[in-house]
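Have a look at the structure below, then the notes.
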Amino acid sequence: MSITNQRLEFSTFAELSDSILKGHRLTADEALALLETSDADTLKLVSAAGTLRRQFFGNTVKVNYLVNLKSGLCPEDCTYCSQRLGSKAEILKYTWLKPEEAVHQAGLGIAGGATRVCMVASGKGPTDRDVDRVATMIETLKDQHPDVEVCACLGILKDGQAQRLKEAGADAYNHNLNTAESLYPEICSTHSFDERVSTVQQAKSSGLSPCSGLIVGMGETPEQLVEAIFALRDLGADSIPVNFLMPFDGTPLQGTWNLTPLACLRILAVVRMACPETELRMAGGREMHLRSLQSTALEVANSLFLGDYLTSEGQDAKADLAMIADAGFVVLGAENRDTTAAPDQGETAPDTGCSGSCCSTANTACSSQSEEPALRRRGAGTQETPNA
Ligand code: SF4
């Protein structure tokens with residue numbers, strides 16, 4: 001198999017990944033050439049990127065769990081977001097969860113296998129009072145689950161707020177760059193790309209592990225995608241969640257379908273080649289965009305979110321754990337726990353003929369391409385049992 005692009009010095013994907021293992025840094029030309037890989041050759045690219053994944057993460061998969069502490073009602077205008085100002089998406093809307101409810105929800109995700117809990121709140125950024133509120137949740141959660149990592153995701157931080165979260169026991173802070181600086185003005189007008197970069201830097205300098213990632217499929221060019229990936233590499237993110245746009249009805253990106261499953265694999269492979277030692281998480285939208293190739297994506301990504309997302313429902317948690325085991329991977333931190341048992345009868349997703357197994361117990365509408373995301377109606381902010 002050869003990399004046909006004339007800009008490259010490497011003749012095969014394997015040669016390139018071997019070189020990366022020896023210290024070569026992926027160049028922008030190489031990244032663009034990899035994105036141009038044909039569908040027929042994409043699994044060879046995945047295999048080469050997979051050698052990097054195996055080198056640094058073995059066969060483990062890190063399982064993360066989201067708790068949406070405050071949903072909707074955001075004054076910002078991010079075009080992709082169902083929680084944005086003016087969004088007509090019929091999502092759950094609620095203000096801050098009580099601390100005991102937040103900790104309870106997190107505990108259910110931990111019981112489901114998560115070793116990191118991501119505590120998320122909508123909004124441009126927190127007040128100091130909000131940070132105190134989340135700090136209380138983190139302290140309680142850490143008392144109960146000292147080995148579980150806690151990541152806060154509260155938006156743009158002001159001076160001193162990252163330190164306060166760190167003192168409360170937070171391990172990480174998430175703030176996604178989402179896309180390229182050159183595309184950012186088209187994605188959001190109420191805050192800047194620089195503010196996002198600055199927040200990640202503040203978190204990092206306060207001793208929090210920086211988590212920052214992407215939303216792909218928003219109309220970015222290949223050059224802009226590479227620009228965004230390299231910005232994350234330059235930022236030194238410890239973990240990179242890659243979200244695949246879920247085009248919610250009622251948002252400006254409604255009806256935007258730019259991705260195929262193989263294109264998603266190529267994007268993940270390029271992130272792996274660019275950042276070989278970084279946790280790479282397949283995040284929101286994986287079910288509808290990767291579909292039946294989700295387990296193939298685990299050859300490149302070493303991390304995923306279990307259960308539901310902030311405003312939409314994800315694949316059944318038990319189906320995720322089965323997918324991990326079926327593909328020969330083990331959940332990080334649960335190597336001695338049996339996560340291979342088949343889902344209980346009655347708890348599996350209904351058979352709707354979807355090869356992607358992307359339907360949930362609570363929603364029989366399949367979230368395959370061209371169908372809008374299934375809105376979350378369980379877990380945090382509801383009386384219903386979460387998907388964990
Ligand atoms: S991404 Fe965050 S800041 Fe932007 S609209 Fe959504 S909740 Fe608000």
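The values are calculated or read from the model by the stated rules, or taken from the named source; none is laboratory data. Computed from a predicted structure; not experimentally measured. Positions of Cβ are backbone-derived with ideal geometry, glycine not excepted, and every protein chain shown enters the neighbour counts.
crowded, with 16+ Cβ neighbours inside 10 Å, at positive phi and of a type outside the set (Phe, Trp, Tyr): which single residue out of 155, 160, 213, 219 fits that description? Don't jump to the end; show me each part of the working.
Details: 160 fails: crowded, with 16+ Cβ neighbours inside 10 Å; 213 fails: at positive phi; 219 fails: crowded, with 16+ Cβ neighbours inside 10 Å.
So the residue among 155, 160, 213, 219 that is crowded, with 16+ Cβ neighbours inside 10 Å, at positive phi and of a type outside the set (Phe, Trp, Tyr) is 155.
Given the criteria modelled with pLDDT of 95 or more, closer than 17 Å to residue 42 by Cβ and in the same structural domain as residue 195 (by TED's automatic domain parsing), does residue 252 qualify? Let's see the steps before the verdict.
On the way: modelled with pLDDT of 95 or more: yes; closer than 17 Å to residue 42 by Cβ: no; in the same structural domain as residue 195 (by TED's automatic domain parsing): yes.
Criteria not met by residue 252.
Does any residue in segment 146-169 that is outside the structural domain of residue 279 (by TED's automatic domain parsing) come within less than 6 Å, Cβ to Cβ, of a residue that is within 16 Å of the ligand (Cβ to nearest atom) six or more places away or on a different chain, and which pairs are these?
Sorted first by the residue in segment 146-169, then by its partner, the list stays empty.
Out of all the residues in segment 292-325, which are of a type in the set (D, E, K, R) and over 28 Å from residue 122 (Cβ atoms)?
Filtering segment 292-325 down to residues of a type in the set (D, E, K, R) leaves 299, 308, 313, 316, 318, 320.
Of everything in segment 292-325, those that are of a type in the set (D, E, K, R) and over 28 Å from residue 122 (Cβ atoms) turn out to be 299, 318.
Is one or more of the residues making up segment 27-36 away from the ligand (no atom under 16 Å from the Cβ), surrounded by fewer than 19 Cβ atoms within 10 Å (Cβ to Cβ) and within 25 Å of residue 208 (Cα to Cα)?
No.
Find the residue count for segment 107-155, including only residues that are closer than 18 Å to residue 68 by Cβ and assigned to a loop (DSSP other than H, G, I, E, B).
10
Could you say which residue among 98, 93, 70, 124 is away from the ligand (no atom under 14 Å from the Cβ), of a type in the set (Lys, Arg) and assigned by TED's automatic domain parsing to the domain that holds residue 220?
One residue alone meets the criteria, 98.
When you look at residue 40, is it away from the ligand (no atom under 15 Å from the Cβ) and in contact (Cβ under 8 Å) with a residue 60 or more places away in the chain, yes or no? Lay out the reasoning, then the answer.
Working: away from the ligand (no atom under 15 Å from the Cβ): yes; in contact (Cβ under 8 Å) with a residue 60 or more places away in the chain: no.
Against the criterion (away from the ligand (no atom under 15 Å from the Cβ) and in contact (Cβ under 8 Å) with a residue 60 or more places away in the chain), residue 40 does not qualify.
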